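Only the coordinates and a few stated rules stand behind these numbers; no lab work does. All of these numbers come straight from a predicted model, not from anything done at the bench. Methodologically, a virtual Cβ is constructed for each residue, glycine included, from the backbone with ideal geometry; neighbour enumeration extends over all protein chains shown.
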């Protein structure tokens, strides 16, 4: 059962998923309408560590997704239209197949689009 919900599939979202997965928090990442975020639309990223020759944005996002999934992240290809955190109870719209009562954290990654 997921303990962390991550909204957004850009670099911040995938990084959060990787760390949450390594911490055995069974994260679910909700991709949003632009898989990979703005980074996926970049033809070449030259300032990311570990890629001295640069890497395509979509390729980097795919590698990050593979790593997150290998570490236990469940990926949901949905778009969240609203989040209500009133009174400490978080509600995500549209209602997804998540047991929000058991989820302890919600991480919001910025996503353009």
For this session: Multiply the residue gap between residue 45 and residue 69 by 0.36 nm, knock off their C-alpha separation, and tell me the result in nm, one decimal place.
Result: 6.4 nm
For this session: Determine, for 6, 30, 55, the number of other Cβ atoms within 10 Å of each Cβ, and report the residues in order from fewest to most.
Result: 55, 30, 6
Problem set entry | Ascending count of other beta-carbon atoms within 10 Å, so fewest first, for 73, 81, 41, 31 | 81, 41, 31, 73
Exercise. Using the 10 angstrom Cβ neighbour count as an exposure proxy, how do 23, 9, 43 rank, fewest first?
Worked result: 43, 23, 9
Seminar exercise, completed: Per the 1/(1 + (r/R0)^6) rule, R0 = 22 Å and r from the Cβ atoms of residue 26 and residue 77, FRET efficiency to 0.05 is 0.75
